[in-house]
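Inspection log for the structure reproduced underneath, given as structure tokens.
Values quoted throughout were computed directly from the atomic coordinates according to the rules given, and no laboratory measurement underlies them. Predicted model only: the values in this text are computed from it and were never measured. Cβ placement follows ideal geometry from the backbone for every residue including glycine, while neighbour counts extend to all protein chains displayed.
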Amino acid sequence: MEKLKKHWWKVLAALLLFYTVIAGLLMDAPRLHILNETIRALHFHVPMWFGMLALLLLSVVYAVKYLRSGELRHDRYAVEFANAGLIFGILGIVTGMFWAHYTWGKFWSFDPKQNMSAIALLIYLAYFVLRGSFEDDHQRARISSVYNIFAFAAMVPLLFILPRLTSSLHPGNGGNPGFNAYDLDSNLRMVFYPAVIGWFLLGLWFASLRVRLRLVQDKLEDNL
Amino acid sequence: MRLEEVKALLYKELLLEWRQRYAFNGMLLYVSSTIIVCYMSFGVRSGMLTPPVWNTLFWIIMLFTAVNAVAKSFLQEAEGRQLYYYTLASPQGIILAKIVYNAMLMLLLTGVGLLFYSVVLGNPVQDPLLFIVAMVLAAISFSSTFTMISGIAQKAGNNSTLMAVLGFPVIVPTLLMVIKIAKSAMDGLERSLSLDELVTLLAINAIVITVSLMLFPFLWRS
């Protein structure tokens with residue numbers, strides 16, 4: 001019972017993801033021209049971006065916490081949330097490319113949304129390169145926290161404002177209807193919302209495992 | 001942070017630049033030789049340089065100039081001397097003075113660059129005033145973003161690869177906006193059409209400068 005109290009959210013994540021995969025692939029979806037069955041990508045592609053943004057936001061929150069407190073523990077959280085966010089971002093871009101291949105006709109069609117997300121990934125890859133260039137733990141933590149916050153602030157206009165200023169093929173941008181316009185009977189919503197929560201919890205789970213590993217490594221190093 | 005402090009620091013930067021002119025001359029030469037290289041490689045006589053290419057090429061040259069010009073803003077002074085400044089002035093004053101100084105430097109370099117570029121590659125701009133506005137905004141944005149990035153890169157051992165890797169993805173939104181405004185200026189479009197981009201650019205600048213002011217105190221302490 002004790003265990004269930006502590007780990008209920010992991011059980012929830014597993015259940016929600018089972019539901020997402022089964023219902024997302026088997027339940028009725030609106031039949032639409034061109035989109036056809038690819039509309040099911042909604043449950044897998046979109047939650048990746050939501051998950052990425054939420055995880056990166058958590059990473060920034062921990063970067064701020066580190067700068068305020070100077071405790072290395074917070075830095076470990078910031079790195080691992082950024083790591084998990086990066087994985088979600090890569091999955092998001094790959095799932096998006098497959099979807100674009102069947103609906104827009106090409107894997108990469110120079111869409112502003114695609115370009116901007118590629119750049120957002122570059123920013124966080126640069127973050128890891130920056131981390132690699134320090135020897136001292138505290139120095140690394142402080143400087144990379146500064147870059148983390150700076151890059152996140154610069155990324156917000158990149159992902160939210162710019163694609164809206166230009167024409168885009170992406171649903172929900174440049175005059176294209178978002179998926180909520182197709183979802184007349186709320187069937188998609190019934191899978192989509194649980195999917196968002198499930199994938200995000202999975203990301204948290206990843207990150208928490210990696211954080212624990214890092215903290216254990218830190219402890220071992222201290223004891224040596 | 002006081003205004004006099006920023007002024008004094010700015011004066012110091014200008015004086016330092018004036019006394020070691022080789023760095024500035026080097027940057028001027030960098031711009032001119034890049035332009036010459038582009039001129040030679042494009043072989044302009046065959047008419048390959050359409051207006052959009054002209055515009056993009058100009059801003060790419062300016063981007064690389066900015067990376068190189070601003071990268072040295074923390075490199076120029078020895079570690080010990082920087083420590084000395086930090087005991088005298090507030091961190092916000094230092095970063096603000098550097099941003100203003102780099103903006104002036106970039107404005108000068110872009111101006112000279114444009115002059116030389118127009119002489120060599122022609123100048124199809126139809127609305128010079130809007131183009132100059134784009135140049136001023138570009139100078140401010142490049143300097144505000146790259147000053148902070150160069151501060152970060154300096155702590156990581158002044159690696160110039162790192163400067164580009166960290167800076168380029170962050171500068172992309174600004175660069176796109178600038179290229180768009182400059183393109184409208186070239187085509188002589190109605191100025192009100194560029195208002196959206198101008199406002200966005202100013203907003204991005206405001207974000208970047210505010211964040212720099214907030215974060216720099218943590219950077220220099222190490």
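All of B:V165, B:V178 fail the test of being under 17 Å from the mean Cα position of the chain (by Cα) and under 18 Å from B:P51 (Cα atoms), apart from B:V178. Tell me which residues, restricted to the stretch A:101-125, are in contact (Cβ under 8 Å) with a residue 60 or more places away in the chain and away from chain B (no Cβ under 14 Å). If the condition is that a residue be in contact (Cβ under 8 Å) with a residue 60 or more places away in the chain and away from chain B (no Cβ under 14 Å), then A:Y102, A:T103, A:W104, A:S109 are the ones that fit. The sole residue among B:A206, B:A185 that is farther than 15 Å from B:L63 by Cβ and within 11 Å of chain A (Cβ to nearest Cβ) is B:A206. If you check A:W49, A:W99 for being in contact with a Gly (Cβ under 7 Å, 6 or more places away or on another chain) and either closer than 30 Å to B:W220 by Cβ or part of a helix (DSSP H, G or I) (or both), only one passes: A:W49. Residue count for the stretch B:152-170, restricted to those that are farther than 12 Å from B:K72 by Cβ, surrounded by 22 or more Cβ atoms within 10 Å (Cβ to Cβ) and more than 7 Å from every other protein chain (Cβ to nearest Cβ): 1. If the condition is being more than 8 Å from chain B (Cβ to nearest Cβ) and either of a type in the set (K, R) or out of contact with any helix residue (DSSP H, G or I) (no Cβ under 7 Å at 6 or more places or on another chain) (or both), then the stretch A:126-165 contributes A:F128, A:R131, A:G132, A:E135, A:D136, A:R140, A:F160, A:R164. Within the stretch B:135-148, one or more residues are within 11 Å of chain A (Cβ to nearest Cβ) and of a type outside the set (S, T, N, Q).
Of all the residues in the stretch B:183-222, those that are without any contact (Cβ under 8 Å) to a residue 24 or more places away in the chain, surrounded by 15 or more Cβ atoms within 10 Å (Cβ to Cβ) and within 20 Å of B:V125 (Cβ to Cβ) number 1.
Counting only helices (runs of 4 or more DSSP H) that fall entirely inside the stretch B:23-121 and contain at least 3 residues that are in contact (Cβ under 8 Å) with a residue 40 or more places away in the chain and buried (at least 21 other Cβ atoms within 10 Å of the Cβ), the qualifying elements are B:51-71, B:91-121.
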